[in-house]
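A short worksheet on the structure shown next.
The values are calculated or read from the model by the stated rules, or taken from the named source; none is laboratory data. Keep in mind the model is a prediction, meaning the values are calculated, not measured. Cβ coordinates were reconstructed from backbone atoms using ideal geometry, including for glycine residues, and neighbour counts include every protein chain displayed.
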Amino acid sequence: MNPKQRALLDEAHRVSMNQETYYFSSRSAMKRFLAAPLRYCGKLRDPVTQLRFLPTARSPHTSHKGRSFYFESEETRRAFEAAPESLSVRREE
């Protein structure tokens, strides 16, 4: 959020969303991100189709084990909710 500040690579300054991991330089930067993640995240990978897309406020989303997931369609959200344990793990491209 501030390119002049280095991110702290520890769990207290980390947020995972879809298949992406974001690190922050401070708790306040992390709070700003969490208040409006779509403003900052850029393209995400749909956990079902693995296609990258730019989420909007209208994008289907859910959470699983404290992690937010956004989807390119309602169909992929439903597929995720049918098998979240297998679809929430990070996959290699």
For the stretch 26-44: of the residues being farther than 16 Å from residue 58 by Cα and among the basic types (Lys, Arg), which is farthest from the chain's Cα centre (by Cα)? 27
Going through the stretch 51-83 one residue at a time, which ones are surrounded by 10 or more Cβ atoms within 10 Å (Cβ to Cβ), farther than 13 Å from residue 20 by Cβ and of a type in the set (S, T, N, Q)? 59, 62, 63, 73, 76
Return a yes/no flag: does the stretch 16-30 have any residue that is within 22 Å of residue 6 (Cβ to Cβ), of a type outside the set (Asp, Glu) and in contact (Cβ under 8 Å) with a residue 40 or more places away in the chain. yes
Taking residue 75 and the conditions (1) under 13 Å from the mean Cα position of the chain (by Cα); (2) acidic (Asp, Glu); (3) more than 18 Å from residue 3 (Cβ to Cβ), which numbered condition does it fall short on, given that it satisfies the others? (1)
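Across the stretch 5-20, which residue is modelled with the highest pLDDT among those that are crowded, with 16+ Cβ neighbours inside 10 Å and outside any strand (DSSP E or B)? Write out each step before concluding.
Of the stretch 5-20, the ones crowded, with 16+ Cβ neighbours inside 10 Å are 7-8, 13, 15, 17-19.
Those still in the list that are outside any strand (DSSP E or B) too: 7-8, 13, 18-19.
Details: 7: 75, 8: 74, 13: 89, 18: 93, 19: 88.
Within the stretch 5-20, the match that is modelled with the highest pLDDT is 18.
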Quick one: count up the residues across the stretch 21-41 that are of a type in the set (Gly, Ala, Ser), in a loop (DSSP other than H, G, I, E, B) and either touching a strand residue (DSSP E or B) at 6+ places or on another chain (Cβ under 7 Å) or exposed (fewer than 11 other Cβ atoms within 10 Å of the Cβ) (or both). 1
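Quick one: how many residues across the stretch 81-93 are within 22 Å of residue 14 (Cβ to Cβ) and either modelled with pLDDT of 95 or more or not small (Gly, Ala, Ser) (or both)? I'd like the intermediate steps shown before the answer.
So the first thing to find is which residues in the stretch 81-93 are within 22 Å of residue 14 (Cβ to Cβ), and the list is 84-85, 87-93.
Keeping just the survivors that are either modelled with pLDDT of 95 or more or not small (Gly, Ala, Ser) (or both) gives 84-85, 87, 89-93.
Result for the stretch 81-93: 8.
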